[in-house]
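Enquirer: Got a structure for you, written out below as structure tokens; questions coming shortly.
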Amino acid sequence: MTLLITLFAAIASTIVWYTHPKSKLRLGTLSLMFWGASLMWLVDAVVEYFELKAEYFTPAAADMLNDAFLGLSVIALGLTFWLTIVLIKDPNGVLKNSFMSKE
């Protein structure tokens, strides 16, 4: 479930990045973060499959719920990091202009 959630986020962010190539909001960075997380969860799923074999395909409901919460947490953390990068870089100068106009 975690893999699916991060894959959906990676695909969605890649589509947004691809349709807005001249955006200054560092959408490529967001996309790469989600693809990296997806790759990490893919490796985790392969290793878990080798350990559990057929049991891998019959998870308990509680495990699926925990994986869903973990996936959503990864998405929230990735968005938080991306937002921090965008605010620090301030590509459109919004923060700089708002601080300069108050002086």
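Enquirer: Determine, for the chain, the count of lysine pairs separated by eight or more sequence positions (or lying on different chains) whose alpha-carbon distance falls under 29 Å. Please list the in-between numbers first.
Expert: On the way: K22/K89; K22/K96; K24/K89; K24/K96; K24/K102; K89/K102.
Within the chain, the lysine pair count is 6.
Enquirer: Express the carbon and sulfur contribution to the solvent-accessible surface of the chain as a percent, rounded to the nearest whole number, probe 1.4 angstrom.
Expert: The C+S portion of the solvent-accessible surface of the chain is 72 percent.
Enquirer: Now for a separate question. Out of (1) 49, 27, 23; (2) 61, 28, 17; (3) 64, 26, 17, which label holds the value of Cα extents along the principal axes in Å that was computed here?
Expert: Identified label for the calculated read-out: (3).
Enquirer: Please go through region 23-103 and write out the trypsin sites (Lys or Arg not before Pro) that DSSP classes as loop and that have at most 13 other C-beta atoms within 10 Å. Mind dumping the intermediate values first?
Expert: Numbers: sites: K24, R26, K53, K89, K96, K102; in loops: K24, R26, K102.
Of the trypsin sites (Lys or Arg not before Pro), the ones in loops of region 23-103 whose Cβ has at most 13 other Cβ atoms within 10 Å are K24, K102.
Enquirer: Divide by every residue of the chain the summed helix terms, -39500 (n - 2.57) for each DSSP H run of at least 4, and state the resulting mean residue ellipticity at 222 nm, rounded to the nearest 500 deg cm²/dmol.
Expert: Details: 4 runs with 81 residues, N = 103.
Result for the chain: -27000 deg cm²/dmol, rounded to the nearest 500.
Enquirer: Moving on to the next point. In region 28-61, whose amide N lies under 14 Å from the spot 7 Å out along Cα-to-Cβ of I11? List them in ranges.
Expert: Counting backbone N atoms under 14 Å from the label point, the list is 35, 38.
Enquirer: Kyte-Doolittle cut-off -1.0, length cut-off 27 Å along the helix's own axis using Cα: show which whole DSSP H helices in the chain pass. Don't skip to the end; give the middle numbers.
Expert: Values: long enough: 27-52 (37 Å, 1.22); 61-89 (42 Å, 1.55).
Sorted by number, the helices that extend far enough and score high enough are 27-52, 61-89.
Enquirer: Can I ask one more? So what is the accessible area of the chain per residue, in Å², with the probe set to 1.4 Å? Mind dumping the intermediate values first?
Expert: On the way: 7630 Å² over 103 residues.
I get 74 Å² per residue for this part.
Enquirer: I've got another one for you. Rank-order 70-78, 5-13 by packing density, defined as the average count of other C-beta atoms within 10 Å over each peptide's residues, highest first.
Expert: Numbers: 70-78: 16.2, 5-13: 19.6.
Top to bottom by mean Cβ count within 10 Å: 5-13, 70-78.
The values are calculated or read from the model by the stated rules, or taken from the named source; none is laboratory data. A quick note: this is a predicted structure, and the numbers were derived from the prediction, not measured. Using ideal geometry, Cβ is built from the backbone for each residue, glycine included, and neighbour counts are taken over all protein chains shown. Areas reflect the complete protein model, heavy atoms only, side chains present, ligands, DNA and RNA absent. Shrake-Rupley method; radii C 1.70, N 1.55, O 1.52, S 1.80 Å.
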